[in-house]
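Each remark here refers to the structure printed beneath this line.
Every read-out reported here was derived from the displayed coordinates using simple, explicitly stated rules and does not represent laboratory data. Here the structure is a predicted model, which means the values were calculated and not measured. Glycine also receives a Cβ, built like all others from the backbone with ideal geometry; neighbour counts cover every protein chain displayed.
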Amino acid sequence: EQYASPAAASLQAAYEIAQLIRDKQAKGERAVLGLATGSTPKRVYKELIRLHREEGLSFKNVTTFNLDEYFPMQPGAVQGYRHFMQENLFNHIDIDQANCHIPDGSIPTELVRSHGEQYETMIADAGGIDFQLLGIGRNGHIGFNEPGSHSSSVTRLITLDMATRMDAAAEFGGIANVPKKAITMGIGTIMKARKIILLAWGENKAAIVRQAVEGPVTEFVPASWLQAHGQVKFMMDDACAGEL
Ligand code: GLP
């Protein structure tokens, strides 16, 4: 779907999330959200905060699982995704912090494998992800599933591509400071979500979005796996949809 601006698309995405939360509330059930970081979803979170403040949208029945985290990453670090989520969403809504899950980038390497397995188990125990929000990297990654990621991959440690580290360099004050690895939900984890929305803005994402949407389904463009999901929506602004 094409929107005139990132703001218009973000409004629609936030509205759909709010609708899910309210539907679940009406049934006395929990809503399980898969959340993303990066610049792209920030406006969606702003709008959810607004809905909380001005329209009384409550997040008490919401459980969240973030896609990924750099590795290694200290818990309080400003570049970390825990910090990002606190600042951009969790600190401003009435969600119970105990229900906000993000892969832990501060654990020793030898514990990462079991941490990934636990993450998968927690998602399953929560009933699976109702709604997954995604951005897309310049190389077509979703979460931190870089090109080459297998369609059945699960939460695990991956090595970041040079392109991904370069895109993060400014935030870390130089490429040398960007972690070389990350923990990410797998393609298989993402594909199990019952509904998926991928957001992409601007002309610098246009070429990769075209490959993901119109190109062949290939591990070289991880977002192209989404073509095999029945309930996925790509939401773009005009600049990004320009090459479709
Ligand atoms: C990082 C995140 C991805 C995100 C991507 C794009 O790699 N791990 O989840 O989609 O950046 O970031 P941005 O939205 O800032 O373009």
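Figure legend: label point modelled 7 angstrom from the Cα of Val78 along Cα→Cβ; residues of the stretch 156-184 with amide N under 18 Å from it are 168-179.
Our Cα-only numbers for the stretch 2-239 put the radius of gyration and Dmax at 16.7, 50 Å. For Met73, Met162, the sequence from fewest to most other C-beta atoms within 10 Å is Met162, Met73. Give the distance, in whole Å, between the Cα centre of the stretch 108-135 and the Cα centre of the stretch 33-73. Cα centroid of the stretch 108-135 versus Cα centroid of the stretch 33-73: 17 Å apart. Normalising the average separation of contacting C-alpha pairs (under 8 angstrom, six or more residues apart) by the number of residues puts the relative contact order of the chain at 23 percent. Distance between the 7 Å Cα→Cβ label points at Asp94 and Glu110: 4.6 nm. Each peptide in 232-240, 122-130 gets a packing score, the mean of other Cβ atoms within 10 Å over its residues, and the list from highest to lowest is 232-240, 122-130. Each Lys and Arg contributes +1 and each Asp and Glu -1, all at the Cβ; summed about the Cα centre of the stretch 193-233, the dipole is approximately 240 debye. Here r is the Cβ-Cβ distance between Ile175 and Glu1 and R0 is 25 Å; the resulting FRET efficiency, rounded to 0.05, is 0.10. Per residue of the chain, the DSSP helices (runs of n ≥ 4 H) give a summed -39500 (n - 2.57) that works out to -10500 deg cm²/dmol at 222 nm. Between Lys27 and Glu203, the distance separating the two model label sites (each 7 Å from Cα on the Cα→Cβ line) works out to 4.4 nm.
Students often get this wrong, so check it: of Lys42/Lys205; Lys27/Lys233; Lys60/Lys233; Lys42/Lys180, which have C-alpha atoms separated by over 21 Å? All intermediate terms of the calculation are to be shown ahead of the outcome.
Details: Lys42/Lys205 17 Å; Lys27/Lys233 25 Å; Lys60/Lys233 26 Å; Lys42/Lys180 25 Å.
Lys27/Lys233; Lys60/Lys233; Lys42/Lys180, as the Cα separations exceed 21 Å there.
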